[in-house]
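Asker: I am attaching a structure below and will ask some questions about it afterwards.
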Amino acid sequence: MSLKLVCFFLCTLTAPDRTGEDALLPAPQNISILSTNMKHFLTWSPVIIQGEIVRYSVEFQGEYEREYANESWIPTCECSLITATVCNITEDISATVAYNLRVRAVVGARRSEWGTLKGFFNRITTSLTPPLMKVTADGYHLLVELEDMGPAFQFCVLYWKEGQESRMQQKVVKDVSSVVHLDTMEAGPDYCVKAQTYVEAINRSSDFSQTQCVRVQGGTSMWLVTALISSAGFAVKVSEPPTQLILRGSEEAERCDLMVHVVPSEEVLRLWIQETL
């Protein structure tokens, strides 16, 4: 037996008997839907009965119930005889079709007529917001961390080097359980990132987030580090005596006294950095 059928029977058992006194309570008014990022909430104004606790029950009707099940209504178990004036109907809105919703007030054996949502609700109209994100530079790695908005969401991430917007790159992110590596950066320019959400079930995207930019910290580029390593290796190889070399040409050539000092590798690195920077 499906969960919805179980829910239907349980809610039917807990519902008050029909006594013909439906009109004794006013029906809930101002029924509306608040839907953001595929989270859907039905809200209504409270029914005020002096000295009484008013409870509410919510039912929904989808395309199947209207067309193939004699226009039946399905109780929402999470919102059966509740005191709140808001009902989370996200789990019940399971398809991208038009839904009708209704709510009534209950006090003891008395109840109101149904107050019905004006028009239908389709989850395709949900409001999608840009994702929250955090862009960082870890060494030479450009990283982005995106908020987890649920299994229905994936993200389109755009990133580029400052001044090279025409060469913007794109990455589709489906798993946000860990930080996402986007690129290996160079020292100097900023690297910028922006992202938008995409929901395949409704084939819609949000606007893009505000752009965030970072740059390599420290100022030493990758090619400089590579050069330093190479220079260090060279210095080690030639750091043996003799410490003075005299280059001679032919007997007719003029003698040249060329002093070649071989210094320790640490000194080579220090001097090379000073000249390069």
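Asker: Please tell me if Thr125 is closer than 22 Å to Arg204 by Cβ, of a type in the set (Val, Ile, Thr) and more than 16 Å from the chain's Cα centre (by Cα).
Answerer: Numbers: closer than 22 Å to Arg204 by Cβ: yes; of a type in the set (Val, Ile, Thr): yes; more than 16 Å from the chain's Cα centre (by Cα): yes.
Yes, satisfied.
Asker: So is Ala137 surrounded by 16 or more Cβ atoms within 10 Å (Cβ to Cβ), more than 30 Å from Arg66 (Cα to Cα), touching a Leu at 6+ places or on another chain (Cβ under 9 Å) and in contact (Cβ under 8 Å) with a residue 60 or more places away in the chain or not? Full working, then the answer.
Answerer: Working: surrounded by 16 or more Cβ atoms within 10 Å (Cβ to Cβ): yes; more than 30 Å from Arg66 (Cα to Cα): yes; touching a Leu at 6+ places or on another chain (Cβ under 9 Å): yes; in contact (Cβ under 8 Å) with a residue 60 or more places away in the chain: yes.
So Ala137 passes the test.
Asker: Going through the range 86-105 one residue at a time, which ones are of a type outside the set (Lys, Arg) and surrounded by 18 or more Cβ atoms within 10 Å (Cβ to Cβ)? Before the answer, list the steps.
Answerer: Applying the first criterion (of a type outside the set (Lys, Arg)) to the range 86-105 yields 86-101, 103, 105.
Across the range 86-105, the qualifying residues are Cys87, Ile89, Asp92, Ile93, Tyr99, Asn100, Leu101, Val103, Ala105.
Asker: Do you know which residues across the range 70-112 are more than 26 Å from Ile124 (Cα to Cα), in a strand (DSSP E or B) and of a type in the set (Val, Ile, Thr)?
Answerer: Selection gives Ile82, Val106, Val107.
Asker: Given the options Thr90, Thr83, name the one that is touching a strand residue (DSSP E or B) at 6+ places or on another chain (Cβ under 8 Å) and farther than 23 Å from Pro151 by Cβ.
Answerer: Working: Thr90 fails: farther than 23 Å from Pro151 by Cβ.
Only one candidate qualifies: Thr83.
Asker: If you check Val58, Val54, Val6, which single one turns out to be at pLDDT below 95 and either outside the structural domain of Thr197 (by TED's automatic domain parsing) or loosely packed, with under 12 Cβ neighbours inside 10 Å (or both)?
Answerer: Values: Val58 fails: at pLDDT below 95; Val54 fails: at pLDDT below 95.
Step by step, each of Val58, Val54, Val6 is checked, and only Val6 is at pLDDT below 95 and either outside the structural domain of Thr197 (by TED's automatic domain parsing) or loosely packed, with under 12 Cβ neighbours inside 10 Å (or both).
Asker: Within the range 124-137, is there a residue that is of a type in the set (A, V, I, L, M, F, W, C), under 30 Å from Ile33 (Cβ atoms), in a helix (DSSP H, G or I) and out of contact with any Phe, Trp or Tyr (no Cβ under 7 Å at 6 or more places or on another chain)?
Answerer: Taking the range 124-137 as the starting set, the residues that turn out to be of a type in the set (A, V, I, L, M, F, W, C) are 124, 128, 132-133, 135, 137.
Checking the rest, the ones that are also under 30 Å from Ile33 (Cβ atoms) come to 124, 128, 132-133.
Among the residues that remain, those that are also in a helix (DSSP H, G or I) are: 124.
So of that shortlist, the ones also out of contact with any Phe, Trp or Tyr (no Cβ under 7 Å at 6 or more places or on another chain) come out as 124.
Yes, the range 124-137 has at least one match.
Asker: Conditions first: (1) in a loop (DSSP other than H, G, I, E, B); (2) among the polar types (S, T, N, Q); (3) exposed (fewer than 12 other Cβ atoms within 10 Å of the Cβ). Ser166 passes all but one, so which condition is the exception?
Answerer: Going through the list (1) in a loop (DSSP other than H, G, I, E, B); (2) among the polar types (S, T, N, Q); (3) exposed (fewer than 12 other Cβ atoms within 10 Å of the Cβ), Ser166 breaks only (1).
The values are calculated or read from the model by the stated rules, or taken from the named source; none is laboratory data. Model, not experiment: these values are computed from the prediction. Don't worry about glycine lacking a Cβ; one is built from the backbone with ideal geometry, like all the others, and counts go over all protein chains shown.
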